[in-house]
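Here, each number is a calculation from the coordinates, and none is a lab measurement. Here the structure is a predicted model, which means the values were calculated and not measured. Neighbour counts are summed over all protein chains in view; Cβ atoms, including those assigned to glycine, are modelled from backbone coordinates with ideal geometry.
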Amino acid sequence: MHKSSLDEMQAFKERYLKGRENEALLILDLGSLDINGSYKAFFDFPAWTYRGIDMSPGKNVDIVLQDPYRWQNVSSNSADVVISGQAFEHIEFFWLTILEIFRVLKPGGLCCLIAPSGGPEHRFPVDCWRFFTDGFSAVARFAAMEILEIHRKDTSTYTDGSEMWQDVVLVCRKPAASRLFSWKAQIRNYLLTKLLK
């Protein structure tokens, strides 16, 4: 995990979760397998429950997905926060993944995604995408998420290789809307998942 990505996730925690350390929060980390670092230490508070999610068992993985686009072992409206860094470029059909993130988030729940807009191909097991701010904005709008922040990280001061990745950061929220909106969004996203899969 390069330093700029760690810094961005730490900044997300400070901006959006500061003051909530005593709340019982469920935090899901998509793509959590610890290959060369993880975000877990940032979310280590007694009241918080951190769960790593990935496709393979291993260090920092609590939930192994059988299907990356249908998280059967994660309940709808259960997570307060979903984070994911350096994973979306490896997800072939990321538009289905954002629908699952919407499904598992509670109304008002937060999502922080970090993915590169540059850098060389690095298969694990595939490397499919690079994201720009407009692309991440479209991803959020596709899932009917409210965009709170989106930016490209200035990595010019890093010397660990972070500068080549030029990460884009998206922070969005599942709307805390009426039951009618929630019901319509769930039906819409369910149908989209079935049609696009």
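Give me Asp44, Asp7, Asp54, Asp154 ranked fewest to most by other Cβ atoms within 10 Å of their Cβ, as a rough exposure proxy.
Starting with the residue having the fewest Cβ neighbours, the order is Asp44, Asp154, Asp7, Asp54.
Within the stretch 149-177, list the residues whose amide N lies under 13 Å from a label point set 7 Å along Cα→Cβ of Trp95.
No residue passes the distance filter.
What ratio of Cα Rg to 2.2 N^0.38 Å holds for the chain?
In units of the globular-protein estimate, the chain measures up at 0.97.
Between Gln186 and Asp34, what FRET efficiency comes out of the Förster formula 1/(1 + (r/R0)^6) with R0 = 35 Å and r the beta carbon distance, rounded to 0.05?
Given R0 = 35 Å and the Cβ-Cβ separation, E is 0.60.
For a footprinting-style exposure proxy, rank Arg70, Arg103, Arg15 by other Cβ within 10 Å, fewest first.
Fewest-to-most ranking of Arg70, Arg103, Arg15: Arg15, Arg70, Arg103.
Starting from a Cα-only point model with no solvent, please compute log10 I(q)/I(0) by Debye for the stretch 46-154 at q = 0.10, 0.11, 0.20, 0.23 1/Å.
-0.29, -0.35, -1.22, -1.54
Classify the stretch 120-165 as rounded, prolate or oblate from the Cα gyration tensor: take a ≥ b ≥ c as the square roots of its eigenvalues, call it rounded if a/c is under 1.5, otherwise prolate when a/b beats b/c and oblate if not.
Oblate shape, in that a/c is at least 1.5 and b/c is the bigger or equal ratio.
Where in the stretch 71-144 are there GluC sites (Glu not before Pro) that are in a DSSP coil and have at most 13 other Cβ atoms within 10 angstrom of their Cβ?
Within the stretch 71-144, the qualifying GluC sites (Glu not before Pro) (loop, at most 13 other Cβ atoms within 10 Å) are Glu92, Glu121.
Sort Leu25, Leu191, Leu170 so the one with the fewest other Cβ atoms within 10 Å of its own Cβ comes first.
Leu191, Leu25, Leu170
Could you compute the FRET efficiency for Glu14 and Ser78, with r as their C-beta to C-beta distance and R0 at 30 Å, rounded to 0.05?
According to the calculation, E is roughly 0.75.
For each pair in Lys59/Lys106; Lys13/Lys153; Lys13/Lys106, compute the distance between the two Cα atoms and list the pairs where it is over 22 Å.
Lys59/Lys106
Please compute the contact order of the chain in relative form: average sequence separation of alpha-carbon pairs under 8 Å and at least six residues apart, divided by the residue count, as a percent.
Relative contact order here is 19 percent.
With charges only on Cβ, +1 for K and R and -1 for D and E, what is the dipole size of the stretch 3-196 about its Cα centre, in debye, rounded to 20?
Here the size comes out at about 880 debye.
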